[in-house]
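Below is one structure; the comments refer to it alone.
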Amino acid sequence: MIELQGLTQRFPGDAGDVHALRDVSLSIAQGEVFGIIGRSGAGKSTLVRAINLLNRPTSGRVVVDGRDLTALPSAALREARRDIGMIFQHFNLLSSRTVYQNVALPLELAGKSRQEISDTVLPLLDLVGLSLLKDRYPAQISGGQKQRVGIARALASKPKVLLSDEATSALDPETTRSILELLRKINRELGLTIVMITHQMEVIKQVCDRVAVLDAGCVVEQGRVIDVFLRPQHEVTRAMIGDVISQELPPSVLRRVESRLGNGRDHVYRLAFTGEGVDQPVLAQAIRRYGLDFNILHGQIDEIQGQAFGSLAIMATGDEADVKAAMAYLQEQGVVVEEFDHVV
């Protein structure tokens, strides 16, 4: 559906060119919710604006639904952009127009008749839950409701792709959840491909199928969200996952266990497991099989895309050979095992 091939974006600076994107290549499938995450300055907004060529990349290709946007002349590019809707962090609504009129704006600009506009706008307002507010002005509705107007407006041209540029970062957690649920509903019911740009791993966890992690303009990691949470490979990914599911031992726990380490019998591990593995007594089986003591130091159970996800930090006590054999057994059962090398 969307192919980004070797995108590079350079901007002139006082000390030479600034590389906002460096050889970014991504493939986004039809109908999926794809997340692009990174810290401030990672290049996220530059990347999302390259997808609809609001920013034309210095080099590389952007192919959407089989069309190479980077090769289109201006008139054809304007036509192609109608297939790409966009919602923004700060809503970008016109204060002098009602909710209905804001949603109708793209259709008016496209020269649609009053009846065509009504036939499109009213069902969209119903979809986003704003039918009763259609005659209100932006100043008379909440931030979450404003974002729903922005979503309806982005859908008015019946796009095939919806780009979301930090669309929930200005909202409170409860409103963020409701907006993400709405986007998931739109994805399911309309079959829309959604690209989510965010710095919040919580957003990725709740709504995205796959994710790419950006750092300094480069894609440093990508994959299914559940796989990235289970086996984060890059330090940036680990840090961002740690914002929602702890990847490190709390200092108070470290202080309690560090005096016992280095004796050859005590080892600290992080265990991650998902799906049916959450419900299986694999720890108890390992304890019985290898005659070990397991002390749970820290952990939590969460949910990612409808799948249970567990993360535990344990201290395993016993003969070193038995400990290693137990960890190998857990890996055979589908548990991700990682020794805390900073406390070993």
Inset, instruction - Assign one of three labels to the chain, namely rounded, prolate or oblate, based on the Cα gyration tensor with a ≥ b ≥ c the square roots of its eigenvalues; rounded applies when a/c is under 1.5, prolate when it is not and a/b is larger than b/c, and oblate otherwise. - result: prolate
Inset, instruction - Give the residue from 211, 168, 291 lying farthest towards the positive end of the charge dipole for region 161-303; charges sit on Cβ (+1 for Lys and Arg, -1 for Asp and Glu) and the dipole is referred to the Cα centre. - result: 291
Legend entry - Candidates 11, 91, 309, ranked by Gaussian network fluctuation over the chain, Cα under 10 Å, top entry: 11
Legend entry - Estimated FRET transfer efficiency when R0 is 45 angstrom, pair residue 300-residue 71 (beta carbons, to 0.05): 0.40
Inset, instruction - Sort region 80-166 into rounded, prolate or oblate with this rule: let a ≥ b ≥ c be the square roots of the eigenvalues of the Cα gyration tensor; rounded if a/c is under 1.5, and if a/c is not under 1.5, prolate when a/b is larger than b/c, oblate otherwise. - result: oblate
Inset, instruction - For region 136-248, give the magnitude of the charge dipole about the Cα centre (Cβ charges: +1 Lys/Arg, -1 Asp/Glu; no others), in debye to the nearest 20. - result: 720 debye
Legend entry - Charge sum, other residues only, whose C-beta stays under 14 Å from residue 50's C-beta, Lys/Arg counted +1 and Asp/Glu -1: +3
Inset, instruction - Rounded to whole Hz and in sequence order, give me ³J(HN,Hα) for region 220-230 from the Karplus expression 6.51 cos²θ - 1.76 cosθ + 1.60, θ = phi - 60°, writing x for Gly and Pro. - result: 9, 6, 7, x, 4, 4, 5, 5, 5, 5, 6
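Which length gain, in nm to one decimal place, applies between residue 287 and residue 119 when the Cα-Cα distance is subtracted from 0.36 nm times their residue separation?
Taking residue 287 through residue 119 to full extension adds about 54.0 nm, to one decimal.
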Inset, instruction - Any aspartates and glutamates with Cα under 12 Å of the residue 44 Cα? List them, leaving off those in the same chain fewer than 8 positions away. - result: 165, 166, 215
Legend entry - Fluctuation leader among 55, 295, 187 - the chain, Gaussian network, Cα springs under 10 angstrom: 295
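Placing +1 at every Lys and Arg Cβ and -1 at every Asp and Glu Cβ, with all other atoms neutral, what dipole size does the chain have around its Cα centre, in debye to the nearest 20?
Using only the charged Cβ atoms, the result is roughly 1260 debye.
How much area per residue is accessible in region 165-231 when the probe is 1.4 Å and only protein heavy atoms are counted (Å²)?
Here the residues of region 165-231 average 37 Å² of exposed surface.
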Legend entry - Per-residue HN-Hα couplings for region 155-168 [Karplus 6.51, -1.76, 1.60; θ = phi - 60°; Hz; x = Gly/Pro]: 8, 4, 8, 6, x, 9, 10, 10, 9, 10, 9, 6, 5, 10
Inset, instruction - Quick one: among 38, 191, 291, which has the greatest mean-square fluctuation in a GNM of the chain with alpha-carbon springs under 10 angstrom? - result: 291
Inset, instruction - Sequence neighbours fewer than 8 away in the same chain don't count; with that in mind, list the lysines whose C-alpha is under 19 Å from residue 185. - result: 146, 158, 160, 205
Legend entry - Isotropic mean projected area of the C-alpha convex hull, region 162-268 (nm²): 9.3 nm²
Inset, instruction - Output ³J(HN,Hα) for region 129-144: one whole-Hz value per residue in order, computed from phi by the Karplus curve 6.51 cos²θ - 1.76 cosθ + 1.60 with θ = phi - 60°, and x for Gly and Pro. - result: x, 10, 4, 6, 10, 5, 9, 7, 9, x, 5, 9, 10, 7, x, x
Legend entry - For the chain, with +1 on Lys and Arg beta carbons and -1 on Asp and Glu, the positive-most of 100, 6, 301 along the dipole: 100
Legend entry - Built amide H within the under 5 Å cut-off of residue 215, gap 5+: 220
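The values are calculated or read from the model by the stated rules, or taken from the named source; none is laboratory data. Just so we're clear, the structure is a prediction, and the values are computed from it rather than from any experiment. Quick reminder, even Gly has a Cβ in these numbers, built from the backbone with ideal geometry, and neighbours come from all protein chains shown. For the accessible areas, the whole protein counts, side chains as well, though only heavy atoms, and no ligand, DNA or RNA atoms are used. Shrake-Rupley method; radii C 1.70, N 1.55, O 1.52, S 1.80 Å.
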